[in-house]
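Since the structure comes first, as structure tokens, the remarks are kept for the end.
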Amino acid sequence: MAINERFPTSLMANHLTANQLKNMKNILWAFLMLLTLTAQAQNNFKVPTYEKFKLKNGLTVYLMEQHEVPLIYVSAVFDAGSIQDNEQYGLASMTADALLFGTKKYSKEQIEEMTDFVGANLSTGAGKESAEVSMSFAVKDADKMFDVLQQVLTAPVFNAEEFAKHKQRTLLQLAQQKESPRAVIGNYFNKFVFDNHPYATPTGGNTSTIEKISVEAVKDFYKNYYTADHAAIAIVGDFKTAEMKKRITSLLGDWKTAPGRMVKRAAPDLSFDKSRVLLVNKGDARETTFLIGGKGIAYNNPDYVPVLVVNTILGGRFTSWLNDALRVNSGLTYGAGSRFNRNKMGGTFYISTFTKNSTTVPAIDMALNVLDSLHRTGLNEEILASAKAYVKGDFPPNYESAGALAGLLTDMFVYGFDESFINTFQTKVDGLTVAQANEMVKKYFPKENLQFIVVGKADEIRSKVKKYGTLTEKEIKNEGF
């Protein structure tokens, strides 16, 4: 609330001295200047200076100094994502988790105690394209934490007892996920559209595959895919580059791994000759959850920025057309949106929401009508300007922290882009015209031969949803996606 909205100026003058009024004016002036500088920073955001080099074992290293706070952030990535799982769905994820189950030097409990004691964060995980080890800690604890990090990366022992316990927890989680359509619908969608491509596999695995994964399989996966020549590590924070270069060379320069495996993969075929519907039956469901989508864009698509702006209008923010139509205006759902999931070799586009069983068809129809209106009426200057302002304001905060910058650097390694993507982002947004935006709609937002994933009570919605395309059914309680 502005000052004058709370207190009339005349009343304020009776209670404040001249110096107090002057000080308040100075504070207001400084605040306005800060807002102006913040806006200018957003419009001129660039990737900070960093150094990139390779160790003799092939490990790519990124170093970026950030001295605002006495912290260090680390992100290490490996060519060890779920696309390497083959038929052992979940193997990449289980291997990444098991890195923290003890090393040659430290037990799992010791790792947890050492990091907790100094307030450090250490985590691992695997996505489709890569596996990551991330860590953050205070500069004063660098010696201890870099020692732990080196052990986790280079000397995990994959303790069998800890692995067995984790396996049981994972199986329980998979069973619980079946109770939440929103937790599993993405897996059904990926399998439906990617078919036999590795992107179709569920990163977290499924019950039958997790049950068969052994400690020996995890050790083999680590040996084959956690290789220095197909890996990168980014270190961002309060340090001197020359000193950190010596430290990381000493820690990891002599790490010897097997040569990385070169796997040639074809891009997924996401061309569909008809609309299809996958109905996943959850007999006790009171809601229907659905995705509607098709072909999207690959990670390095040169049109990503204009596509992002257009998708902001359709379903990328709270005031999007989809959310306005399905939530605000009709009350059919608590939220609706759309997004492009980008992978290195190809991606998907989808609209997502949920609604009561009885309003399944009205909700799907309304989502389709909104998508159709994007194609039919297109965008105008006012709508586009609003989206551009939103995207420009939302973009810089994504990379404000040192941790986010560390992730950005390793993303650059995994997906093969450079800082020009970030440095030209604002210019690309500003330069987008209405004509270009409407061309993006035609080119990248599918409206024909859409693919529908519908999770709900089949007996109540089967006869209604079959109008959208060729119908296939599955049981959510059954194995597989």
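The values are calculated or read from the model by the stated rules, or taken from the named source; none is laboratory data. On a predicted model such as this, the values are computed, not experimentally measured, just so you know. Backbone-built Cβ (ideal geometry, glycine too); neighbour counts: all protein chains shown. Side chains included, ligands, DNA and RNA excluded: accessible areas come from the protein's heavy atoms. Shrake-Rupley method; radii C 1.70, N 1.55, O 1.52, S 1.80 Å.
For segment 175-190, name all the residues that are in a helix (DSSP H, G or I) and either surrounded by fewer than 15 Cβ atoms within 10 Å (Cβ to Cβ) or over 21 Å from the mean Cα position of the chain (by Cα) (or both). Let's see the steps before the verdict.
Going through segment 175-190, the residues in a helix (DSSP H, G or I) turn out to be 175-177, 181-190.
Answer for segment 175-190, where residues must be in a helix (DSSP H, G or I) and either surrounded by fewer than 15 Cβ atoms within 10 Å (Cβ to Cβ) or over 21 Å from the mean Cα position of the chain (by Cα) (or both): A175, Q176, R182.
Quick one: would you say V148 is free of Cβ contacts under 8 Å to residues at least 60 places away in the same chain, open to solvent by less than 20 Å² (accessible area, probe 1.4 Å) and either in contact with a strand residue (DSSP E or B) (Cβ under 8 Å, 6 or more places away or on another chain) or over 30 Å from A232 (Cα atoms) (or both)?
Working: free of Cβ contacts under 8 Å to residues at least 60 places away in the same chain: yes; open to solvent by less than 20 Å² (accessible area, probe 1.4 Å): yes; either in contact with a strand residue (DSSP E or B) (Cβ under 8 Å, 6 or more places away or on another chain) or over 30 Å from A232 (Cα atoms) (or both): yes.
In short, yes.
For residues that are out of contact with any Phe, Trp or Tyr (no Cβ under 9 Å at 6 or more places or on another chain) and in a loop (DSSP other than H, G, I, E, B), scanning just segment 223-257, find the one that is surrounded by the most Cβ atoms within 10 Å (Cβ to Cβ).
Restricting to residues being out of contact with any Phe, Trp or Tyr (no Cβ under 9 Å at 6 or more places or on another chain) and in a loop (DSSP other than H, G, I, E, B), the top hit is F239.
In the set A336, A402, A385, which member is at pLDDT below 95 and of a type in the set (A, V, I, L, M, F, W, C)? Lay out the reasoning, then the answer.
Values: A336 fails: at pLDDT below 95; A385 fails: at pLDDT below 95.
A402 is the lone residue from the list that is at pLDDT below 95 and of a type in the set (A, V, I, L, M, F, W, C).
Only residues in segment 70-85 that are within 11 Å of K128 (Cβ to Cβ) and of a type in the set (V, I, T) count as the first member; pair them with residues that are surrounded by 24 or more Cβ atoms within 10 Å (Cβ to Cβ) and at pLDDT below 95, Cβ under 9 angstrom, at least 6 apart or cross-chain, and list the lot.
Here the result reads I83/T201, each pair linking segment 70-85 to a residue that is surrounded by 24 or more Cβ atoms within 10 Å (Cβ to Cβ) and at pLDDT below 95.
Taking the condition under 30 Å from K165 (Cα atoms) and among the small types (G, A, S), does A228 pass? It would help to see each step written out before you state the result.
Working: under 30 Å from K165 (Cα atoms): yes; among the small types (G, A, S): yes.
In short, yes.
With segment 263-351 as the region, which strands (runs of 3 or more DSSP E) entirely inside it contain at least 1 residues that are under 19 Å from L471 (Cα atoms)? Walk me through how you get there before you give the answer.
Working: elements: 276-281, 287-295, 337-342.
Output list reads 276-281, 287-295.
Taking segment 405-418 only, how many residues are within 24 Å of D430 (Cα to Cα) and either assigned to a helix (DSSP H, G or I) or of a type in the set (F, W, Y) (or both)?
The qualifying residues number 4.
Would it be correct to say that S93 is in contact with a Gly (Cβ under 7 Å, 6 or more places away or on another chain) and not acidic (D, E)? Write out each step before concluding.
On the way: in contact with a Gly (Cβ under 7 Å, 6 or more places away or on another chain): yes; not acidic (D, E): yes.
When the stated conditions are applied, S93 passes them.
I'd like the full set of residues that are touching a residue at least 12 places away in the same chain (Cβ under 8 Å) and open to solvent by 10 Å² or more (accessible area, probe 1.4 Å), limited to segment 359-376.
Narrowing segment 359-376 to residues touching a residue at least 12 places away in the same chain (Cβ under 8 Å): 359-364, 366-375.
Hits for segment 359-376 are T359, V361, P362, M366, L368, N369, V370, D372, S373, H375.
Restricting to segment 377-393, and then to whatever is in contact (Cβ under 8 Å) with a residue 40 or more places away in the chain and among the charged types (D, E, K, R), can you tell me which residue is surrounded by the most Cβ atoms within 10 Å (Cβ to Cβ)?
Filtering segment 377-393 for residues that are in contact (Cβ under 8 Å) with a residue 40 or more places away in the chain and among the charged types (D, E, K, R), the one surrounded by the most Cβ atoms within 10 Å (Cβ to Cβ) comes out as K388.
Looking only at residues in segment 347-398 that are over 26 Å from the mean Cα position of the chain (by Cα) and hydroxyl-bearing (S, T, Y), which one is farthest from K447 (Cα to Cα)?
Restricting to residues being over 26 Å from the mean Cα position of the chain (by Cα) and hydroxyl-bearing (S, T, Y), the top hit is S358.
Which of the residues that make up segment 238-279 are of a type outside the set (A, V, I, L, M) and free of Cβ contacts under 8 Å to residues at least 12 places away in the same chain? Lay out the reasoning, then the answer.
So in segment 238-279, the residues of a type outside the set (A, V, I, L, M) come out as 238-241, 243, 245-247, 249-250, 253-257, 259-261, 264-265, 268-269, 271-276.
Scanning segment 238-279 gives E243, K246, S250, K264.
Report yes if G346 is open to solvent by 20 Å² or more (accessible area, probe 1.4 Å), more than 20 Å from V277 (Cα to Cα) and either modelled with pLDDT under 95 or small (G, A, S) (or both), otherwise no.
Details: open to solvent by 20 Å² or more (accessible area, probe 1.4 Å): no; more than 20 Å from V277 (Cα to Cα): yes; either modelled with pLDDT under 95 or small (G, A, S) (or both): yes.
No; evaluated as a whole, the condition is false for this residue.
Go through the residues of segment 295-308 one by one and say whether even a single one is in contact with a strand residue (DSSP E or B) (Cβ under 6 Å, 6 or more places away or on another chain) and within 30 Å of S463 (Cα to Cα).
Yes - at least one qualifying residue is present in segment 295-308.
Restricting to segment 97-145, what's the tally of residues that are within 27 Å of the chain's Cα centre (by Cα) and either open to solvent by 30 Å² or more (accessible area, probe 1.4 Å) or within 30 Å of M345 (Cβ to Cβ) (or both)?
Residues in segment 97-145 being within 27 Å of the chain's Cα centre (by Cα) and either open to solvent by 30 Å² or more (accessible area, probe 1.4 Å) or within 30 Å of M345 (Cβ to Cβ) (or both): 22 in total.
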